[in-house]
Amino acid sequence: MTTPRDLPSVEELLQTQAAAELIAQYGRSLTLSAIRDTLASIRAKFLSGQATVLPLRDLVLAQTSALLDGWTKPTLRTVINATGVILHTNLGRAPLSDAALRAMDIVGRGYSTLEYDLEKGARGSRLIHAEAVLQKLTGAESAVVVNNNASAVLLVLSALANRKRAIISRSQLVEIGGGFRIPDVMKQSGARLVEIGATNKVHLRDYEEVLLTPSALVLRAHRSNFKMVGFTAEPELKEVIALAHAAGAYFVDDLGSGALYDTAKYGLTHEPTVQESLAAGADIVCFSGDKLLGGPQAGIIIGRKALLDKVKKHPLARAVRADKTCLAGVAATLLHYLKDEAEREIPILKMMSLTPKQIQGRVAAWILELGQGEIVEGESTVGGGSLPGETFPTFLLSLTVESPERFLKQLRAQNPPVIARTDNDKVLLDPRTVLPEQEGALLVGLKNVLNS
Ligand SMILES: *Cc1c(COP(=O)(O)O)cnc(C)c1O
């Protein structure tokens, strides 16, 4: 073929068995537009001299098929996380428990009592679903679940501090991630941000002085993702809360991770828990559903009923409300804690409680299967902007390859893609974050790349 006129026509291509199969898979109109785009791009390449021969019919259809595949392939794909970062923000933070997934599946598939009161046979409220479990777990008077913790903080401040003073220490003006900063969230709420103290030190007298002027609330934002060391000081939470209350201000605690358990149990620094904040007298505590809690993306607000009633009624509450699958997943995740089975059922807690010895055994089995690699000592991390600098001792599979960067790229091209890391010219894989059911696929992916 030497002129584009020799290319098969759209009609001719549509008559083929291959096109019929594409239509069955992708639908007629999408297939048609893929055929047209394919022909147009072949024509353009030929006319510009980029290509000197025109493809035959089968090849045109193969290109059409590849185009359709590219157009319809989901961009949100499951991957194997072999990085050892448990709450990897870029990889979707917490994997969910079976019970959470089942609960989400069931309400997603059908109709539900999302806003329906079975007793009355009338409209109910979506706000009740995770509330009872949260009350039982934490002892809080009231609770509400919203879309994420950033929106939880925004909502609370909007409902309680709009056009009023909200006080925060300069040592807590944190950037959460992706350029998202607590002071900006505070301003967005309409609160008048009042900063006190210095970056490294804030004293009780700073709070005392600022509270001489009437203020709506004092906010604490937990320094989730960085550590302050050296010449630093901060008053006891209890003392600050007592001062706030004496001055008629509320105390709102943005915990970020919101652990319901003591992270020291896993050899990590103690992360302030939800229960501790409430015990210290915080009026409202906000935390994430998908950080150390190990559930779906959500923002959880708990605290005093009178305040939560205001929060629930604020117009923003509608804008940041959680959907039915989120509510189902959060409730099911919380239930694991209530039933004292969190460590057995919640994937991130299982990962944290893996012993180095168990991990060593998995690396050894991988090496046996692959016929190569070494066991080396290493460190897993929590990630997700939680517990910065904290690590768990682990064992890693270390592979010596020609080009580590190319090897990582090839691993990412596997199905499912494998995300690993390199260090000192070695490719390193940490079993801690590889889900047991993904181990087979991981080994297939590794063999593909090792043998290529
Ligand atoms: C992570 C974090 C947030 C934001 O939570 P998302 O659930 O990611 O929206 C807010 N405040 C603090 C202190 C955090 O650590």
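The values are calculated or read from the model by the stated rules, or taken from the named source; none is laboratory data. Here the structure is a predicted model, which means the values were calculated and not measured. Positions of Cβ are backbone-derived with ideal geometry, glycine not excepted, and every protein chain shown enters the neighbour counts.
Listed here are the residues, each with its yes/no results for (1) modelled with pLDDT of 95 or more; (2) in contact with a His (Cβ under 8 Å, 6 or more places away or on another chain); (3) farther than 30 Å from Thr3 by Cβ.
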{"residue": "Arg57", "(1), (2), (3)": "no, no, no"}
{"residue": "Leu61", "(1), (2), (3)": "yes, no, no"}
{"residue": "Ser65", "(1), (2), (3)": "yes, no, no"}
{"residue": "Leu68", "(1), (2), (3)": "yes, no, no"}
{"residue": "Trp71", "(1), (2), (3)": "yes, no, no"}
{"residue": "Ser97", "(1), (2), (3)": "yes, yes, yes"}
{"residue": "Met104", "(1), (2), (3)": "yes, no, yes"}
{"residue": "Gly108", "(1), (2), (3)": "yes, no, yes"}
{"residue": "Gly121", "(1), (2), (3)": "yes, no, yes"}
**Request:** Write out, first by first residue and then by second, each pair whose Cβ atoms fall under 8 Å of each other, whose residues are 6+ apart or on separate chains, and whose first residue, in region 380-397, is closer than 14 Å to His88 by Cβ and within 16 Å of the ligand (Cβ to nearest atom) while the second is part of a strand (DSSP E or B) and of a type in the set (Gly, Ala, Ser).
**Result:** Gly385/Gly177; Gly385/Gly256; Ser386/Gly256
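Going by the structure shown, is Val229 away from the ligand (no atom under 14 Å from the Cβ), of a type outside the set (Lys, Arg) and in a loop (DSSP other than H, G, I, E, B)?
Working: away from the ligand (no atom under 14 Å from the Cβ): yes; of a type outside the set (Lys, Arg): yes; in a loop (DSSP other than H, G, I, E, B): yes.
Spelling it out, Val229 is indeed away from the ligand (no atom under 14 Å from the Cβ), of a type outside the set (Lys, Arg) and in a loop (DSSP other than H, G, I, E, B).
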**Of residues in region 255-306 being surrounded by fewer than 23 Cβ atoms within 10 Å (Cβ to Cβ) and within 11 Å of the ligand (Cβ to nearest atom), the one modelled with the highest pLDDT** = Gln297
**Message:** Residues to consider are Lys350, Lys409, Lys357; find the one that is surrounded by 15 or more Cβ atoms within 10 Å (Cβ to Cβ) and not aromatic (Phe, Trp, Tyr).
**Reply:** Lys350
**Message:** As an exercise: evaluate Leu61 against (1) under 30 Å from Val418 (Cα atoms); (2) in contact with a Leu (Cβ under 9 Å, 6 or more places away or on another chain); (3) of a type outside the set (Phe, Trp, Tyr) and give the number of the one condition it does not meet.
**Reply:** (1)
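If you go through region 187-199 one residue at a time, do you hit one that is closer than 30 Å to Leu349 by Cβ, surrounded by fewer than 15 Cβ atoms within 10 Å (Cβ to Cβ) and either at pLDDT 95 or above or within 14 Å of the ligand (Cβ to nearest atom) (or both)? So that I can check it myself, show each step before the final result.
Step one: list which residues in region 187-199 are closer than 30 Å to Leu349 by Cβ, which gives none.
Checked against the condition, which is being closer than 30 Å to Leu349 by Cβ, surrounded by fewer than 15 Cβ atoms within 10 Å (Cβ to Cβ) and either at pLDDT 95 or above or within 14 Å of the ligand (Cβ to nearest atom) (or both), region 187-199 yields no hits at all.
Going by what's in this entry, would Ser158 be described as in a helix (DSSP H, G or I), out of contact with any Ser or Thr (no Cβ under 7 Å at 6 or more places or on another chain), of a type in the set (Ser, Thr, Tyr) and assigned by TED's automatic domain parsing to the domain that holds Val311?
So Ser158 fails the test.
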**Message:** Quick check on region 161-180: of everything there that is surrounded by 18 or more Cβ atoms within 10 Å (Cβ to Cβ), in a strand (DSSP E or B) and of a type outside the set (Gly, Ala, Ser), which residue is farthest from the ligand (Cβ to nearest atom)?
**Reply:** Arg165
**Message:** Could you tell me how many of the residues in region 393-452 are out of contact with any strand residue (DSSP E or B) (no Cβ under 7 Å at 6 or more places or on another chain), under 26 Å from Ser353 (Cα atoms) and of a type in the set (Asp, Glu)?
**Reply:** 3
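Which members of region 107-126 meet the condition of being in a loop (DSSP other than H, G, I, E, B) and touching a residue at least 24 places away in the same chain (Cβ under 8 Å)?
As a first pass, look at region 107-126 and keep what is in a loop (DSSP other than H, G, I, E, B): 110-115, 118-121, 124-125.
Across region 107-126, the qualifying residues are Ser112, Leu114.
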**Prompt:** modelled with pLDDT of 90 or more, crowded, with 18+ Cβ neighbours inside 10 Å and not hydroxyl-bearing (Ser, Thr, Tyr), is that true of Leu219?
**Reply:** yes
**Message:** Going residue by residue through region 95-113, is there one that turns out to be in contact with a Gly (Cβ under 8 Å, 6 or more places away or on another chain) and within 18 Å of Val311 (Cβ to Cβ)?
**Reply:** no
